[in-house]
Amino acid sequence: MARPFDVQAVERKWQERWLREGTYDVDNDDPRERYYALCMYPYPSGAAHQGHVRNYTFGDLIVRYQTMRGKAVLSPFGFDSFGLPAENAAIKAGSHPRIFTEARMAELRRSVERLGAVYDWRRLVVSHDPEYIKYSQLIFLAFLNAGLAYRAEAPVNWCPGCATVLANEQVLSDGTCERSGDVVQRRNLEQWFFKITDYAEQLLNDLDALAWPERVKTMQRNWIGRSEGVEFDLVFAHDASRAIRVFTTRPDTGYGITYAVVAPEHAMLDELTTDAHRSDVAELVERATTATEIERTSTPDCGPGLSKRGAFTGSYVVNPFTGQPVPVYVADYVLGNYGTGAIMAVPGEDERDYAFARAYGLPVVATVERPPGFGDGAYAGDGRHINSGFLDGLNVADAKVEASAFLVTHARGVAKVNYRLRDWLVSRQRFWGCPIPVVYCDHCGIVAVPVEALPVLAPDDVTMDQSGQSPLATHAEFRDTSCPRCGGPARRETDTMDTFTDSSWYFLRYTDPFTPGRPFDPEQAARWMPVDQYIGGVEHAILHLLYARFYVKALVDIGLAPGVDREPFARLFTQGMIRLNGSKMSKSKGNLISPERYFDRVGADALRVFHLFVGPPADDVDWTDQTEDVIDGCARFLDRVYRLSTDSTFAKRSFDPSLDLPLRRIVHHTIDRVTFDIDRWSFNTAVAALMELLNATAKWARESGVDDAVCNEAVDTLLLLLAPMAPHVTAELWAMRHPLEPSVHAQAWPVADPILTAEQLVVMVVQVNGKVRARIEVSPTVDDSEARALALADPTVRSWIGDSEPTRVVVRAPRLVNVMV
RNA sequence: GCCCGGAUGGCGGAAUCGGCAGACGCGGAGGCCUCAAAAGCCUUUACUCGAAAGGGUGUGUGGGUUCAAGUCCCACUCCGGGCACCA
């Protein structure tokens, strides 16, 4: 494309100036109203891809727009620089992850600068920076001190591909690792956990007040999975002093308990199992505990597969409602780590119990009346209770209340709330992460590394392989140490922390990376937080966004962030993903379309306008054969802006209201439209409005000649409104037109004149029998009877009505009249 | 299976409240400029009947409410995403 100016030179010039002058540096004592705009800090995977471009284009638009609105905008940048890909790449290259990572960081930073996105680089935060490590460890120790970090043996998810354990959140629903795709195995290992479950209730309740996409909030609610019910005892039939404890959300169905089930991991399984059934039970347990998640969950719900998934223990417990003994089974459909690990089974009202009962020939009792026409199977809906003694005739809600009360008095019952959410497993058997700052002493046990000794840094000369133990464990000099408490021989923890711990507080560090000796000054953090606008991909809906919420609440509670809002992100926007031929564009799929190519060919401004214009920001973008043409179209639009702004060949004339007022009205209407659209994140229509303004101004200048003041108002307004979207070309044109003024981005956002935005004439639609038959220009203030008279007097309308009298006339002045005949 | 989204011209999309469907752009067609091309500029472009004036049809499918439905209600189809033995 032949361009009317040297795009590359202009973009380079302004990028250098913004960087050199620190245009978007903002001090903590800035007196203006504060605004914190943040894109999720990126994993440094090298030069930016289109997903980054889209993200930072939106973020930069907000930063520049809010600055023009007169706010002190905090716009920081950083890198989530710890993590597995760097470690794996380093193993492959025989190099150090730091070398690899820092090279990728430099590439990404270069891309971001070439995009023209502006940041306060003084606040750069990097996960693997020793300062950041120090404070990540300080926070870990504070959690440990507060009882929020603990070490426990538990069945955990082991990924053979990554050679490390994973958090539940990192295992996909098909039982594979979200990163490597390997089938995750279950292992019993001693690991570090964070007590996120202490915050389950708050994490759930506080979602309500957040201005987040409903979809993301729903995902978090489902993940937390609150359920209310009753925990109570099922006493052994042969020994009333012993009992298994069960949890249920349907105490009302208690008369329908026809058996009970314990999980294969249940502590009392051995006690329950009689000699005659010992081998069957052992076989089932063996199968269940060695099975991968996939095998355990992929078996069909009914049919022959089920016969392999449960076994009778030989014992009986008593149904507290009927007093009758019911058999106790062990089955893998009951999970050891939810509720009490044991259930009362009600096949009449629970689908899983029904399938199991069918497969094992267990009785099914209906305790809730079925609606007419209901066939076989479990019925989970509402209805009158039947076969239920004192509960008969009650609906489900009322019966729950009565049954719960009964269990409280007769079966040591207590009301109980359970969550699906598990504690966050944070230790990783990998090298490239933040070391966990504790030592193990034979005398003193687990001892925290003293704060003065932080940071605990991993040595550089470590052999990294995928043996399954932490690479640090093989480094004797690091591993072997002395106990900070007794001075005796001790061993360092050699696991590192999940990288999601780093991304759980970086946004706090941004608010004050300046005060020495502390992660951040709580006073500064409290002033900037919460983030006013957080922008990122929806793939973090549960992982990062849940962990960060937990961190902030915990940091406030343990005194590290007093006064800081308990929710980190007031508004969240999740952008759509970019697809190429139907599949997500990603580095791992190797189907990236490099932004660099477009920076070189059409410039950053054109690529930015494309990402804004292509569709709603929340929607996915399909990168197709047409995309190249659309990007060229965006470059063409900017070229037209350039030509119009620099054209001095239009015929000059003096002000003429009939020629100039219509254009001025368009200009001021456009100010309102663009402002409204940016505020509601409708960037595509904001760009369309600017294209319309450009077209209208060019047509006006060409056809009627120009009055200088009117022309300048139109062009300058266009540049101001376009400045957050296409910062380079607008900065250049503004500087050419106003060499003595501050730059376009330092100007105030324009405000529309209400007199000019008020409508002068309205097109009133006249329908006959609901079909548009005429359009009449009317004053916006016409009342209903005038509108009706005007409509009925219109010759075209008359011809459609003919001789007949209208049966009804609906008038909505000044917009519409509908005549029925 | 459950829970969320979505379906509008050849394509991406627009349409704050139930009130002109298709803004804006891409692509296409025609024209101007040019020796010619590129670039630029202008006109046109939902489908359909018609020479035209003008008419009819039209927002995934089928019903409904309404003077009026892309928009609201009911049922369904397809596509995308999330969750999935959580008792």
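The values are calculated or read from the model by the stated rules, or taken from the named source; none is laboratory data. Keep in mind the model is a prediction, meaning the values are calculated, not measured. Glycine also receives a Cβ, built like all others from the backbone with ideal geometry; neighbour counts cover every protein chain displayed. The area values use the complete protein model at the heavy-atom level, side chains included, leaving out ligands, DNA and RNA. Shrake-Rupley method; radii C 1.70, N 1.55, O 1.52, S 1.80 Å.
Details
- On the beta carbon distance between A:Q324 and A:R422, with R0 = 45 Å, the FRET formula returns roughly 0.80.
- ³J(HN,Hα), Karplus 6.51/-1.76/1.60, whole Hz, each residue of the range A:83-95, x for Gly, Pro: x, 4, x, 5, 5, 5, 5, 5, 4, 5, 8, x, 10
- Computed from the C-beta positions of A:Q760 and A:R518, the FRET efficiency with R₀ = 60 Å rounds to 0.50.
- Amide H contacts under 5 Å for A:A561, placed H, 5+ residues apart: A:V556
- Simple point charges give the picture: +1 on the Cβ of Lys and Arg, -1 on the Cβ of Asp and Glu, and for the range A:451-526 a dipole about the Cα centre of about 240 debye.
- Beta bridges by DSSP in chain A, antiparallel share as percent, to the nearest 5: 75 percent
- For the range A:88-173, a Kirkwood radius taken over Cα pairs fed into Stokes-Einstein (4 °C, viscosity 1.567 mPa s) yields D = 77 µm²/s.
- Projecting the Cα atoms of A:G633, A:V556, A:G603 onto the charge dipole of the range A:546-689, computed from C-beta unit charges around the Cα centre, puts A:V556 farthest toward the positive end.
- Percent carbon-and-sulfur accessible area, the range A:663-726, ignoring ligands, DNA and RNA, probe 1.4 Å: 51 percent
- Separation of alpha-carbon centers, the range A:686-722 and the range A:732-767, rounded to whole Å: 9 Å
- Percentage of interatomic Cα-Cα distances in the range A:461-529 larger than 18 Å: 61 percent
- Under the Debye formula (equal points on every Cα, no solvent term), log10 I(q)/I(0) of the range A:144-224 at q = 0.11, 0.22 Å⁻¹: -0.40, -1.05
- Loop-resident trypsin sites (Lys or Arg not before Pro) (DSSP state other than H, G, I, E or B) in the range A:14-61 with no more than 13 further Cβ atoms inside 10 Å of their Cβ: A:R32.
- Amide H contacts of A:M764 (H built 1.01 Å from N, under 5 Å, at least 5 apart or other chain): A:I776, A:E777, A:V778
- Potential extension, A:M820-A:K699 segment - 0.36 nm per residue separation minus Cα distance: 39.5 nm
- Computed lengthening from A:I91 to A:D620, 0.36 nm per intervening residue step minus Cα-Cα distance: 186.9 nm
- Cα gyration tensor of the range A:319-478 - equivalent ellipsoid semi-axes, whole Å, descending: 54, 20, 15
- Note on surface exposure: A:H443, A:H745 rank A:H443, A:H745 by accessible area, highest first, 1.4 Å probe.
- When GluC sites (Glu not before Pro) are flagged only if DSSP places them in a loop and at most 14 other Cβ atoms lie within 10 Å, the longest unflagged stretch of chain A comes out as A:34-758.
- Alpha-carbon Debye profile of the range A:739-821, log10 I(q)/I(0) at 0.14, 0.23 Å⁻¹: -0.52, -1.01
- Distant-in-sequence amide H partners of A:T258 (H built 1.01 Å from N, under 5 Å): A:A345
- A simple rule links phi to the HN-Hα coupling: the Karplus curve 6.51 cos²θ - 1.76 cosθ + 1.60 with θ = phi - 60°, which for the range A:378-385 gives 7, 10, 9, x, 7, x, 6, 6 Hz, with x for Gly and Pro.
- Note on chain A: dipole from Cβ charges, positive end direction compared against A:V744, A:A48, A:G375; the farthest Cα belongs to A:V744.
- In range of the label at A:R579: residues from the range A:614-630 whose backbone nitrogen is under 17 Å from the point 7 Å along Cα→Cβ: A:614-627
- The range A:1-103 gives an Rg/Rh value of 1.07, both radii derived from C-alpha positions and Rh following Kirkwood.
- Where A:C711, A:C486 fall by accessible area, highest first, once all protein chains stay in place (1.4 Å): A:C486, A:C711
- Ranking by accessible area, most exposed first, for A:S75, A:S804 with a 1.4 Å probe: A:S804, A:S75
- Per-peptide average of other Cβ atoms within 10 Å, ordering A:767-774, A:123-130 highest first: A:123-130, A:767-774
- According to the Kirkwood relation over distinct C-alpha pairs, the hydrodynamic radius of the range A:769-810 is 11.2 Å.
- Computed over protein heavy atoms with a 1.4 Å probe, the accessible surface of chain A works out to 43 Å² per residue.
- Calculated SAXS-style log₁₀ I(q)/I(0) at q = 0.19, 0.22 Å⁻¹ - the range A:582-704, Debye, Cα scatterers: -1.12, -1.31
- Potential lengthening between A:L335 and A:L172 on full extension [0.36 nm per residue; Cα-Cα distance subtracted]: 56.9 nm
- Note that chain A shows a convex hull volume over its alpha carbon atoms of 241 Å³ per residue.
- Here the contact order of the range A:444-500, divided by its residue count and restricted to Cα pairs under 8 Å and six or more residues apart, works out to 30 percent.
- Rounded to 10°, Cα long-axis angle of helix A:130-145 versus longest principal axis of chain A: 40 degrees
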